[in-house]
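Trainee: One structure, as structure tokens, below. Some questions next.
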Amino acid sequence: MSEWQRVRERVLAFALGLPESYEDHPWGETVVKVNKKVFVFLGVDDPAGKWTPGFTVKLLSEAHGHALTVEGAAPSGYGLGRAGWVTVPFTADLPETEVLLDWVEESYRAVAPKRAVRLLDGQA
């Protein structure tokens, strides 16, 4: 397993550990959702063709600018970039994995219902 695949698996496992999250596969892509809303896109499981391994998260804080400093990172296509979505390639020189997990949590908080965020914060 390559380094980027290990990072992808760690990001996926972390995302699935967040309250009420679940894995889905729309468009042949692995995503993690909460309340039927995607909070992290993880690409396809079997890279073929011109696919670049990476992940996409919604960032509304200074993390948005930080993510865009990663080589190859860009606002997401299909109009998602205007809403704060950033696509970061796993093949780049990435920040520490803990930073990536923080970005996943921020994306989760941006799309999750308040009850799920309360669960995350231990305020059930």
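Trainee: Just one of 58, 36 is within 15 Å of residue 108 (Cβ to Cβ), over 13 Å from the mean Cα position of the chain (by Cα) and of a type in the set (Lys, Arg); which is it? Write out each step before concluding.
Mentor: Details: 58 fails: over 13 Å from the mean Cα position of the chain (by Cα).
Going through 58, 36 in turn, the sole match is 36.
Trainee: Go through region 1-25 and give me each residue that's part of a helix (DSSP H, G or I), more than 18 Å from residue 113 (Cβ to Cβ), of a type outside the set (Val, Ile, Thr) and touching a strand residue (DSSP E or B) at 6+ places or on another chain (Cβ under 8 Å). Steps first, answer last, please.
Mentor: Step one: list which residues in region 1-25 are part of a helix (DSSP H, G or I), which gives 3-16.
Those still in the list that are more than 18 Å from residue 113 (Cβ to Cβ) too: 3-14.
Cutting the leftovers down to of a type outside the set (Val, Ile, Thr) gives us 3-6, 8-10, 12-14.
Those that are part of a helix (DSSP H, G or I), more than 18 Å from residue 113 (Cβ to Cβ), of a type outside the set (Val, Ile, Thr) and touching a strand residue (DSSP E or B) at 6+ places or on another chain (Cβ under 8 Å): 8, 12.
Trainee: Here are 82, 10: which of them is of a type in the set (Lys, Arg) and free of Cβ contacts under 8 Å to residues at least 40 places away in the same chain?
Mentor: Being of a type in the set (Lys, Arg) and free of Cβ contacts under 8 Å to residues at least 40 places away in the same chain holds for just one of 82, 10, which is 82.
Trainee: Still on this structure: Is at least one residue of region 69-85 assigned to a loop (DSSP other than H, G, I, E, B), modelled with pLDDT of 90 or more, touching a Ser or Thr at 6+ places or on another chain (Cβ under 7 Å) and buried (at least 16 other Cβ atoms within 10 Å of the Cβ)?
Mentor: yes
Trainee: Also, I was wondering about something else. Looking only at residues that are surrounded by 13 or more Cβ atoms within 10 Å (Cβ to Cβ) and of a type outside the set (Phe, Trp, Tyr) in region 36-51, which one is modelled with the lowest pLDDT?
Mentor: Restricting to residues being surrounded by 13 or more Cβ atoms within 10 Å (Cβ to Cβ) and of a type outside the set (Phe, Trp, Tyr), the top hit is 44.
Trainee: In addition: Within region 13-21, can one find any residue that is surrounded by 11 or more Cβ atoms within 10 Å (Cβ to Cβ), over 15 Å from the mean Cα position of the chain (by Cα), at pLDDT 85 or above and small (Gly, Ala, Ser)?
Mentor: Looking through region 13-21, none of the residues is surrounded by 11 or more Cβ atoms within 10 Å (Cβ to Cβ), over 15 Å from the mean Cα position of the chain (by Cα), at pLDDT 85 or above and small (Gly, Ala, Ser).
Trainee: Shifting gears a bit: Hey, could you check region 26-35 for residues that are within 20 Å of residue 77 (Cα to Cα) and either in a strand (DSSP E or B) or in contact with a strand residue (DSSP E or B) (Cβ under 7 Å, 6 or more places away or on another chain) (or both) and say which is modelled with the lowest pLDDT? Spell out how you get there, then give the answer.
Mentor: From region 26-35, those within 20 Å of residue 77 (Cα to Cα) are 26-33; that's our starting set.
If we keep only those that are either in a strand (DSSP E or B) or in contact with a strand residue (DSSP E or B) (Cβ under 7 Å, 6 or more places away or on another chain) (or both) as well, we get 29-33.
Details: 29: 87, 30: 92, 31: 96, 32: 98, 33: 98.
Out of the qualifying residues, it is 29.
The values are calculated or read from the model by the stated rules, or taken from the named source; none is laboratory data. Small disclaimer: the values here were computed from a predicted structure and weren't measured. Reconstructed Cβ throughout: ideal geometry from the backbone, glycine too, with neighbour counts over all protein chains shown.
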